[in-house]
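Just so it is clear, none of the values below were taken in a lab; they were calculated from the coordinates. A quick note: this is a predicted structure, and the numbers were derived from the prediction, not measured. Note that we place each Cβ from the backbone using ideal geometry, even for glycine, and neighbour counts take in every protein chain shown.
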Amino acid sequence: MIFFSEFNFKELIGAFVVLLAICDVPGNLPIVLNIQKKGIHISARRAFWYSLFLMVFFFYAGEAFLHLFGLDISSFAIAGALIIFLISIEMILDINLFCEGTDISSDATLVPIVFPLFIGAGVLTTLLSIRSQYSDINVLLAAFLNCVMIYCTIKLSRMLKKYISQTCIYVVKKFFGMVLLAISVKLFITNITLLISSVQG
């Protein structure tokens, strides 16, 4: 098949590294630990499938889907930035902004774990960008491998909870809370500027 004949190992590695850096899989581990500590469920298996679906969907129909609702990448990124901002406030101030009841809110797999932490607007925008640089098969395989990394990270978090001290988790949580806060502010400012410029133009 022509699709598979375009496979290139170098392109695969290049796309994989770019997506891995944007997904920040290792950096999101403390956030996963913090959410699990509050008794909120995160399914590694469903996180894998949600992530894969979002990446494949946006790879083929991302811009068309957003335009269908009159949205653009900047608006989408601002929404993700606001969610990340709220999560960072939780981590820094030790307050609960997300419900912890026994209903559907007790599952954080889709929001906020898959979106916007692992598969945020940056990942989706990157997918649309690197599609012009690499063959489809290589980008899709790279997306699949990143979803495997997400699965392994959530699985690993269950084991780490048993061996990492609460003090260590607390310190790491505060640090990454500040990092997340900075990321959300930068993401918001960058995209609100682009949004305003597009409206004025």
* **Dipole of region 8-200 [Lys/Arg +1, Asp/Glu -1 at C-beta], most positive-end residue of G120, G14, S75** => G14
* Structure fact -> Given the candidates F58, Y151, L140, the one whose Cα lies deepest towards the positive end of the charge dipole of the chain, counting +1 at each Lys or Arg C-beta and -1 at each Asp or Glu C-beta, is Y151
* Structure fact -> Descending packing, highest mean Cβ count within 10 Å first, for 8-16, 149-157 is 149-157, 8-16
* Structure fact -> Under a Gaussian network model of the chain whose springs join Cα atoms within less than 10 Å, the largest fluctuation of V171, V148, V111 belongs to V171
* Asked: Near N138, within a Cβ-to-Cβ distance under 12 Å, what is the net charge of the other residues, with Lys and Arg +1 and Asp and Glu -1?
  -> -1
* To do: Would you compute, for the Cα atoms of region 8-57, the largest minus smallest coordinate along each principal axis and list the three values in descending order, in whole Å?
  => 43, 22, 14
* Span-like helices, the chain: DSSP H, alpha-carbon axial extent 24 Å or more, mean Kyte-Doolittle 0.5 or greater, which ones? -> 44-68, 73-93, 136-163, 166-200
* Ratio Rg/Rh [Cα only; Rh per Kirkwood] for region 58-196 -> 1.00
* Under a point-charge model restricted to the Cβ atoms of Lys and Arg (+1) and Asp and Glu (-1), what is the dipole moment magnitude of region 1-156 relative to its Cα centre, in debye to the nearest 20? -> 340 debye
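Can you tell me what percent of all Cα-Cα pairs in region 137-201 are more than 21 Å apart?
Every Cα pair in region 137-201 considered, those over 21 Å come to 59 percent.
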* Structure fact -> Which of V32, V114, V18 fluctuates most in a GNM of the chain (C-alpha springs under 10 Å)? That residue is V18
* Asked: Given springs between every Cα pair under 10 Å in a Gaussian network model of the chain, which of A143, A182, A47 has the largest fluctuation?
  -> A182
